[in-house]
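Input: a single structure, listed below in structure tokens.
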Amino acid sequence: MNRPHISLSSQRRGFTFIEFVIAGGITVLVGAVVMWLLVAAARLQREVYVETKVNERADRIEEEVIRILRRASRQNVVQFSASDAVPNQGSNPVFYYRIIFRQGDNAPNEELRYFPATRQLRYDPNRAVANNEVPVEGNLANSNLTRLEYFWLATGIQATGAPDSSVVLVQFEVSDAGRTKRSYRNTAHRRNQILATRSFAVNLRKN
């Protein structure tokens, strides 16, 4: 019986084709891995950048609020108004959107106020002058990467539980509004948002 004859050149062509298929598969796999790493690196870089901006705005707000309130005389702080209370607190609200104060007996009334509808925090150095308000955080208020979620003010509490009018409590939060991760995360959950929350107390001047 005559056996079919397979030439050496045919064997070489067969091996070359198999090697080509294997090499192609490896190339595709490596390319996919590299692409995934590039996308992951780009996402991480974006997250770090936005997180820096969120914290930068939060830091600026904290610094400016402390600077503004430390000038207030504790004898010249207007009592919080119920009309400025944060909603849904019941009949005895604790947190407010606005504080009015003076630096001295004969000084003009100043105002620090958060506008929840526009998410703006503004400072008015003289309430008697119209259109005198300025954003507390300066040009950072115009950032399209960050958003001031809320800003609350409250009277300090003594160790006995009585109100302490010499201290103002402040709490606020800055976020990325869920924009950074929304293409690959459910940003309805807070854990998928970039947040910077600040809580602190400011001692008012004695005179």
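Summary of computed values
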read-out	value
Percentage relative contact order, the chain, counting C-alpha pairs under 8 Å, at least six apart	20
Neighbourhood charge, 14 Å Cβ-Cβ cut-off, centred on ALA117 and excluding it, Lys, Arg +1 and Asp, Glu -1	+3
Dipole-positive endmost among LEU121, PRO93, THR180 within segment 86-207 (Cβ charges, Cα centre)	THR180
Computed lengthening from SER166 to ALA40, 0.36 nm per intervening residue step minus Cα-Cα distance	40.4 nm
Burial ordering of VAL167, VAL34, fewest other beta-carbon atoms within 10 Å first	VAL34, VAL167
Extension gain from GLN75 to GLU47, taking 0.36 nm per residue of separation minus the Cα-Cα distance	5.6 nm
Mean-position separation - Cα centroids, segment 148-189 and segment 76-115, in angstrom	16
Computed [θ] at 222 nm, deg cm²/dmol, the chain (DSSP H ≥ 4; -39,500 (n - 2.57); rounded to nearest 500)	-11500 deg cm²/dmol
Correct option for Rg/Rh (Cα atoms, Kirkwood Rh) [calculated from the coordinates] among [x] 1.43; [y] 0.99; [z] 0.94	[x]
Gyration tensor verdict on segment 103-202 (Cα atoms; rounded if a/c is under 1.5, prolate if a/b is larger than b/c, oblate otherwise)	oblate
Between helix 8-69 and the chain: long-axis angle, C-alpha atoms, 0 to 90°, nearest 10	0
Footprinting exposure proxy for VAL129, VAL86, VAL54 (fewest neighbouring C-beta atoms within 10 Å first)	VAL129, VAL86, VAL54
Rounded if a/c under 1.5, otherwise prolate or oblate - segment 33-110, Cα gyration tensor axes	oblate
Dipole magnitude of segment 36-176, debye to nearest 20 (Cβ charges: Lys/Arg +1, Asp/Glu -1, about Cα centre)	140
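Each reported figure results from applying straightforward, stated rules to the coordinates on display, with no laboratory input. Only a predicted model underlies this, so the values are computations on that prediction, with no experimental measurement involved. Cβ atoms come from the backbone with ideal geometry, glycine included; neighbour counts cover every protein chain shown.
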